[in-house]
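These notes concern the structure reproduced below.
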Amino acid sequence: MMTAEQIKHLIPQGEATTVQFKVRSEDAYKMGVEMVAFSNTQGGMLIIGVDDKTGIVSGLSFEEIQQTNALFVNAASENVKPAIIIATETVNIDGQNVIVATIPKGKDKPYKDNKGIIWVKNGSGKRKVFSNAELRVMMQSCGSLSADCDSVEGTSYKDISEPILKNFLYERYTEECKRAGIANDTVLDRDYYINSPIRLFIFDNRIEIHSPGILPDGVTEESIKHGISVPRNKLLFENAKDILPYTGIGSGIMRAMQSYDKISFENDFVREEFITTLKREEIPDEMIIHKSNEDMNDAEKFDINDNTPKNSGVNTGFERANMENERVNRFFERVNIKNERLRNELVQIYSFIERNPLVKIDTIEKFNKKSNATNRRYLKMLKDNELIEYFGSDKTGGYRIVTM
């Protein structure tokens, strides 16, 4: 239940992905659109009685409270498909009554308005969804679509490998096969094709693994550290555990953190990807072995022309990270920044923007604890040298890295 103090704390922060303000609302369709966007994203609160432009509390009368509650019921049942269940409450803020409607994160995505339009939150605003790929991700996140149950275009039963199928069935039903006198004499020659957009970034102080898609509903960055797991592809999970090395569901991350505790996780809703970061331990400079190019083996050498590690097998994420680092280094050389503290602060801002596209200056201020004027000066230096850019409108836009 929300308190007056909690709402007072929210108001100065303005609207966000999970908070929306309105002075009044008399349109059930518009209300339904907001609910659809919340349900398809992270859920959130719709607060009626607060001006979204000024933050001024403009309380509702008894009659307005009754009308608004009826409007909420109508919007949730008639203007959101499938219908949703919401919770409303009236909170008194210094003698002014406001209504808080809590819209849960949906479990039957995608939700649509009564015109069939799918909406999702986009920062403090919202946008329509047209991409089939985005719809598949949305459905998969709530368990209504499983990739392993989907058909593969252009395939048929003729593409099934008989030796692999026989081996799978034998491993799956070993005891039954033994009792029936069936031996497994299948010789397998498996061929694995890796075709995944998983990206690997290698920096001086950390390694980042960016995996497409976010955690399934009900799973958080904290819960996975304690072994909580929800199989994303249930059919695949049920069968794979019988033919692949298996040590227990949800135990992988726990074992990894027992071996190396400098691992962090980020469930990035904006970019729809899950980021695993492995921080490097500090190594004294005297322990670092500096190799000349002649001392390196072929896998360590870099082509002077394209900066790509030969025979490395690392994907474009590695290449991009190195190209971006070189670009920042060239920037420092060009503007001749000798102050180490200033250099570090500029790199800090650049890296923060890289991890948080379309970030606003107030968020950067909270991150580095610097004044607005100082951050504007830093951002101007990065922007003038074409390392970052401001993209979008004043309300929904933000700073992002200029790609190569």
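For the stretch 87-93, in order, what is each residue's ³J(HN,Hα) by Karplus, 6.51 cos²θ - 1.76 cosθ + 1.60 with θ = phi - 60°, in whole Hz (x at glycine and Pro)?
Whole-Hz 3J(HN,Hα) from phi for the stretch 87-93: 10, 10, 8, 9, 10, 8, 10.
Quick one: TYR390, TYR157, TYR399, fewest Cβ neighbours within 10 Å first, how do they rank?
Values: TYR390 15, TYR157 5, TYR399 24.
Neighbour counts put them in this order, fewest first: TYR157, TYR390, TYR399.
Just want the ordering: PHE72, PHE391, PHE274, from fewest to most Cβ atoms lying within 10 Å of their own Cβ. Intermediate results must be reported in sequence, preceding the final value.
Working: PHE72 23, PHE391 13, PHE274 19.
Least crowded to most crowded, the residues run PHE391, PHE274, PHE72.
Could you line up GLU345, GLU15, GLU176 from fewest to most neighbouring Cβ atoms inside 10 Å?
On the way: GLU345 16, GLU15 21, GLU176 11.
Result, fewest neighbours first: GLU176, GLU345, GLU15.
No value in this document is a laboratory result; all are computed from the given coordinates. In this text, all values refer to a predicted model and were calculated from it rather than measured experimentally. Glycine gets a Cβ as well: all are built from the backbone with ideal geometry, and neighbour counts include every protein chain shown.
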